[in-house]
Amino acid sequence: DPNANPQIVEGASDGTVLATVQPQDPDAGDTHTFALLDDADGRFAIDAATGQITVVDGSLLDHETNANHTLRVQITDTANATHEQDLTIDVLDRPERVEFTGNAAPISAAEDAAFSYTFPDGILVDPDGGPLTYNPVGMPPWMSVDADTQTFSGTPTNVDVGTIQFQIQATDDQ
């Protein structure tokens, strides 16, 4: 859609090209210079000769904080006539990584006894607020996981005696 706002993904790399301003001047042959009168608090810059808009500080582009920014572009032609126009930039959300916010201390299980352990609430968090899916990697065969309750359970036997380690991979819906 040629009338759609330019879009950039949050956290885009510094120097990422966002758009190029194309002046509409009735005076054929005029050259133009470009300036940003509002650069969204240092997030963007414009090349004075080409009108190319780039990201200056991508760390300031955060969809959750501000889903769009309005730039004020000034175009000046050969006769020093100026035109100003607002350009809205949409900041697209990028899924955040699942965060491990706690400490899973060593857990003991007794041979031939039912074992059950439930992860404490909030030990794994999706910063986007979505549900998590758990995938154990290297879990012993006697153990199972209930992803809805974050509970690991089973009954180890004599052949399972010893120390075991496994990983839990948590993924979100994005």
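The values are calculated or read from the model by the stated rules, or taken from the named source; none is laboratory data. These numbers come from a predicted model, not from an experiment. Positions of Cβ are generated from backbone atoms using ideal geometry, with glycine treated the same way; all protein chains shown enter the neighbour counts. The protein model used for the area step is the full one, side chains on, heavy atoms only, and it has no ligands, DNA or RNA in it. Shrake-Rupley method; radii C 1.70, N 1.55, O 1.52, S 1.80 Å.
As an exercise, use a Förster radius of 45 Å and the Cβ-Cβ distance of T50 and Q169 to find the FRET efficiency, rounded to the nearest 0.05. Don't skip to the answer; put the middle values down first.
Values: r = 46 Å, r/R0 = 1.01.
Calculated transfer efficiency: 0.50.
Taking R0 as 35 Å, what's the FRET efficiency between D30 and E64 from their Cβ-Cβ distance, rounded to 0.05?
On the way: r = 42 Å, r/R0 = 1.20.
Step by step, r from the Cβ atoms, then E = 0.25.
Of H63, F34, T151, which is farthest along the charge dipole of the chain in the positive direction, counting Lys and Arg as +1 and Asp and Glu as -1 at C-beta?
T151
With all distinct Cα pairs included, what does the Kirkwood hydrodynamic radius of the chain come out to in Å, to one decimal, could you say? The partial results should precede the final answer.
On the way: mean 1/r = 0.0483 Å⁻¹.
Its Kirkwood hydrodynamic radius stands at 20.7 Å.
Using a 1.4 angstrom probe, figure out how much accessible area the chain has per residue, in square angstrom, rounded to the nearest whole.
Numbers: 10880 Å² over 174 residues.
Per residue, the chain has an accessible area of 63 Å².
How large, in percent, is the carbon and sulfur part of the accessible surface of the chain at a probe radius of 1.4 Å? Mind dumping the intermediate values first?
Working: 5050 of 10880 Å².
Ligands and nucleic acids excluded, carbon and sulfur give 46 percent.
Over the chain, what relative contact order in percent results from Cα pairs under 8 Å that are six or more residues apart? Numbers along the way, then the final one.
On the way: 320 pairs, mean separation 32.8, N = 174.
For the chain, the relative contact order is 19 percent.
For a quick check: with amide H placed at 1.01 Å from N, whose amide H comes under 5 Å from N5's, ignoring anything fewer than 5 positions away on the same chain?
none
Rounded to whole Å, give me the distance from the Cα center of segment 1-48 to that of segment 135-174.
Using only Cα atoms to place each centre, the spacing works out to 52 Å.
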